[in-house]
Amino acid sequence: MAPSLLAAVGGLLFLFSFSSAQTRGDSVALCNPNDGFVSTYCPTTCGVADYMLRYMPEVNKDLDDLQRDLDSIANLTQGAEDTVVYMKDSATSAQKSSPDSYFKKSSSMLEDVLRFEKTIITQEQQIFELQNLISSNERRMADLKQLSIQLQQKCSETCKESVEIQPTTGTDCQDVANKGATTSGLYYVKPAKATEQFLVYCEIDSFGRGFTVIQRRRDGSVDFHKDWVQYKQGFGYLSPDDTTEFWLGNEKMHLLTASTTIPTVLRIELVDWEGTKKYADYTMFRVGSEADMYRLTYGYYFGGDAGDAFDGFDFGDDPSDKFYTLHNGMQFSTFDKDNDKYDGNCALQDGSGWWMNRCHAAHLNGKYYQGGRYTEKDAGEFGYDNGIIWVTWHNRWYSLKETTMKLIPLSRITAGGQQAGVKQFGGLGDS
Ligand SMILES: [Ca+2]
């Protein structure tokens with residue numbers, strides 16, 4: 001307790017004893033104050049009462065203050081006690097609950113750690129796999145580099161002629177066969193009017209017939225969209241085993257057919273996508289000179305089961321269809337040399353070189369369509385029938401799989417009575 005408070009309590013007790021005296025004094029107003037009272041004389045009852053009354057309000061106020069202080073102290077004490085109890089309770093409860101909560105916290109941390117460890121393991125696994133991938137790729141790259149070096153070495157070697165060319169020569173393949181050649185393959189021939197020999201593929205059968213092959217389609221490996229000069233000189237590839245596509249060339253065809261007085265048969269052999277083989281023969285076949293634009297002429301259709309498409313075809317579009325699609329007498333056209341009977345340019349529209357009329361019923365230099373069937377949409381910007389066509393067998397929206405055009409003297413076509421045996425024609429369709 002503060003010292004001021006003790007003094008106040010002491011004063012209170014003192015005042016209390018005087019206050020009972022005052023209560024009994026009932027003549028306060030009549031009291032005459034004695035001037036000497038303060039220090040010289042003993043006070044009268046009234047004097048004492050007056051003195052006390054003067055201090056009464058202040059004392060009461062002090063008492064009130066004191067009471068408030070006491071109340072406040074009591075309150076504070078209670079608050080402190082409450083706090084202590086609360087703290088004790090808290091401590092107890094903290095002691096009780098702490099291990100649990102720490103356990104929970106540490107468990108959760110442990111879980112986190114485990115999760116992170118798992119993630120790390122997964123990532124390590126991924127890194128390992130990626131490293132494997134990198135090394136595998138590096139190995140592949142090394143292999144490829146090695147291969148590239150080998151290829152470069154091979155390419156730098158001088159090209160060796162490995163194509164076997166048969167030693168026998170003649171004016172054409174029948175002449176070669178007549179001289180004893182029995183093997184199909186590459187031969188040099190020199191027709192009478194030719195200034196120099198040139199290479200051809202001779203198909204020599206077991207009857208001693210020698211066919212000179214002038215055109216071959218078999219897999220679409222050669223693009224037949226060529227210009228005038230290319231069709232004149234020939235393009236594609238001759239192979240000793242008859243595995244390639246080519247156009248022998250208009251000039252050579254002219255030389256082969258114009259040099260002889262013996263009628264030449266053009267045999268056309270066709271294979272469709274079902275593997276069926278058919279043929280058509282034309283005798284007295286000739287290809288004119290370049291001055292006459294390598295005009296196609298023949299005497300007549302000599303037979304075959306493919307039908308006479310060179311004679312035109314009545315498509316049913318127009319009464320003049322057949323007349324405008326026949327080929328006998330037509331000059332050769334390429335996209336850059338329009339010799340057709342059409343206002344437009346058949347060779348340009350169909351992307352080939354051919355003996356175009358207006359335009360064709362037979363079109364063996366057409367675009368190669370895998371599977372055979374095609375539509376206007378497939379036929380490019382012009383949308384005309386531009387496939388490999390022989391309409392007397394398959395319609396114009398069916399492109400044949402294989403074709404062969406080959407020459408043989410008329411005198412040999414029926415040799416051994418074998419015209420009917422053409423179904424066994426060599427090479428064709430064997431691929
Ligand atoms: Ca024209």
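Restrict the search to the stretch 117-187; then list the trypsin sites (Lys or Arg not before Pro) that DSSP places in a loop and that have at most 16 other Cβ atoms within 10 Å of their Cβ.
Taking the stretch 117-187 and a limit of 16 other Cβ atoms within 10 Å, the loop trypsin sites (Lys or Arg not before Pro) found are Lys160, Lys179.
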Task: FRET efficiency, Thr169 to Lys377 (Cβ-Cβ, R0 41 Å, nearest 0.05) - done: 0.25
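Which of the chymotrypsin sites (Phe, Trp or Tyr not before Pro) across the stretch 215-312 are loop residues per DSSP, with 14 or fewer other Cβ within 10 Å?
Tyr237
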Open item on the list: Taking every pair of distinct Cα atoms and averaging 1/r, then inverting, what Kirkwood hydrodynamic radius in Å comes out for the stretch 149-241?
Closed with: 15.2 Å
- [ ] Could you work out the Rg to Rh ratio of the stretch 58-117, with Rh taken as the Kirkwood radius (inverse of the mean 1/r over all Cα pairs)?
- [x] 1.57
- [ ] Would you mind computing, in nm to one decimal, how far apart the modelled labels at Thr183 and Leu133 are, each placed 7 Å from Cα along Cα→Cβ?
- [x] 5.5 nm
Task: Eligible lysines near Lys322 by straight Cα distance, threshold 24 Å, same-chain separation 8 or greater - done: Lys278, Lys337, Lys341, Lys367
Task: Descending principal axes extents, the stretch 193-336, alpha-carbon based, whole Å - done: 46, 40, 33
TODO: Would you list, by chain and number, the aspartates and glutamates whose Cα falls below 14 Å from the Cα of Lys104, excluding same-chain residues fewer than 8 positions away?
DONE: Asp112
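Loop only by DSSP, 15 or fewer other Cβ within 10 Å of the Cβ. Give me the GluC sites (Glu not before Pro) in the stretch 200-278 that pass, ordered by residue number.
Qualifying residues, ordered by number: Glu274.
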Task: Under 26 Å from Lys190, Cα to Cα: lysines that are on another chain or at least 8 residues apart - done: Lys160, Lys179, Lys226, Lys232, Lys252, Lys406
Open item on the list: Taking 2.2 N^0.38 Å as the expected size of a compact globular protein, what ratio does the Cα radius of gyration of the stretch 89-229 give against it, to two decimals?
Closed with: 2.84
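Every number here is computed from the coordinates shown, using simple stated rules; none is lab data. Keep in mind it's a predicted model, so treat the numbers as computed, not measured. Cβ: placed from backbone, ideal geometry, glycine included. Neighbour counts: every protein chain shown.
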